[in-house]
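The next block holds one structure in the form of structure tokens; read it before the comments.
The values are calculated or read from the model by the stated rules, or taken from the named source; none is laboratory data. Since we're looking at a predicted model, the values are computed, not measured. Note that we place each Cβ from the backbone using ideal geometry, even for glycine, and neighbour counts take in every protein chain shown. Just so you know, the surface numbers come from the protein's heavy atoms only, side chains and all, with ligands and any DNA or RNA stripped out. Shrake-Rupley method; radii C 1.70, N 1.55, O 1.52, S 1.80 Å.
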Amino acid sequence: MPNEITNGLKSEIAQVIYESGSTEHNSVKKYVKTELSEMLSKGQITKEEMKEALEYLDKDLSKGLAARNRMLYGDVLFDNKTAKLLNETGLSIDDLYQASRFAGEDYTINTVKLSKEEKSAAQNGELTRSELANIQNELNAKIKANGGDKALSEKDVIKLMKSIGLEDGTKKISVAKAILAGWFPAFNVANAITVGVSRGDRNLVSKTREEKPFGSQDSNDNSVTNETEAKMSVLKQQYENIIENEEILMPQEFEQEFEE
């Protein structure tokens, strides 16, 4: 993992960020800011260190931490449509959690633009760089193994994964913006909307979020490690090192230190 991803964070600061138990990303930042303010008042960190920490804790990292907390501590929330989908497919909650591992360290479902060869590989059930495609393949394979004949769409997969806490890394863009992006022919917006509706886009064009690789990628690993996943991984390593190296005083040692 590249060293620069640590951003020079003190271990104490990394611990505060990693330990945030909030399930909403706005609350994650609020919790961390409160804790760091307390450390600042006690002289444990400097104003500059606090500023750097809050810049490090960007929106994507906050969302990743909140999604992790929803998966670990939150309740599974199935609306009627999702419950019906589970019933129709014969999938269990355990199946969903097992498939969620393909979302990576940031607990966010993202994807990358796949080549024709990669799309063909995905259709054959092979792992690709697209987290969404990998989760979709895993769940559809389980359905088939259970004797079912229903295939989940990408929309179905996102709905099921969000139910157990994962963050949705996909987004939608208006037709007007799609024209500017070159996804529709360069004619007037009214005609573009008509085309969009006739194609079933309902005035919205689905646009999956492109993950940008961070650092060197293992050629044997199909997944893309983005910056947020790298941050989450390093924070976890730092936290585990803190726990592992923490000195716990035995009773006699505590008494000796107290007397001194």
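Condition check: under 16 Å from the mean Cα position of the chain (by Cα) and either surrounded by 14 or more Cβ atoms within 10 Å (Cβ to Cβ) or farther than 21 Å from K236 by Cβ (or both). Does Y56 satisfy that? So Y56 does not fit the description; no. Set side by side, the residues G104, G74, G147, G90 differ, and just one is in contact (Cβ under 8 Å) with a residue 12 or more places away in the chain and in contact with an Asp or Glu (Cβ under 9 Å, 6 or more places away or on another chain), which is G104. From the list S100, S20, the lone residue that is at pLDDT below 95 and buried (at least 18 other Cβ atoms within 10 Å of the Cβ) is S20. Yes or no: I13 crowded, with 19+ Cβ neighbours inside 10 Å and touching a residue at least 40 places away in the same chain (Cβ under 8 Å)? Yes: the conditions hold for I13.
Any residue in region 112-120 that is of a type in the set (K, R) and free of Cβ contacts under 8 Å to residues at least 60 places away in the same chain? Break it down into steps so the answer makes sense when it comes.
We begin by selecting, within region 112-120, every residue of a type in the set (K, R); these are 113, 116, 119.
Okay, now just the ones that are also free of Cβ contacts under 8 Å to residues at least 60 places away in the same chain, so 116, 119.
So far as region 112-120 goes, yes, one or more of its residues are of a type in the set (K, R) and free of Cβ contacts under 8 Å to residues at least 60 places away in the same chain.
Consider T34 against the criteria (1) open to solvent by less than 50 Å² (accessible area, probe 1.4 Å); (2) of a type in the set (V, I, T); (3) at pLDDT 95 or above: it satisfies all of them except one. Which criterion is unmet? For T34, the exception is condition (1).
Taking the listed residues I135, I109, I164, the one that is of a type in the set (V, I, T), in contact with a Gly (Cβ under 7 Å, 6 or more places away or on another chain), open to solvent by less than 50 Å² (accessible area, probe 1.4 Å) and under 26 Å from T228 (Cα atoms) is I109, with no other qualifying. Within region 66-97, which residues are polar (S, T, N, Q) and surrounded by 14 or more Cβ atoms within 10 Å (Cβ to Cβ)? Those that are polar (S, T, N, Q) and surrounded by 14 or more Cβ atoms within 10 Å (Cβ to Cβ): N69, T82, T89.
Do the conditions hold for K63, that is, is it crowded, with 17+ Cβ neighbours inside 10 Å, basic (K, R) and in contact with a helix residue (DSSP H, G or I) (Cβ under 9 Å, 6 or more places away or on another chain)? Lay out the reasoning, then the answer.
Numbers: crowded, with 17+ Cβ neighbours inside 10 Å: yes; basic (K, R): yes; in contact with a helix residue (DSSP H, G or I) (Cβ under 9 Å, 6 or more places away or on another chain): yes.
When the stated conditions are applied, K63 passes them.
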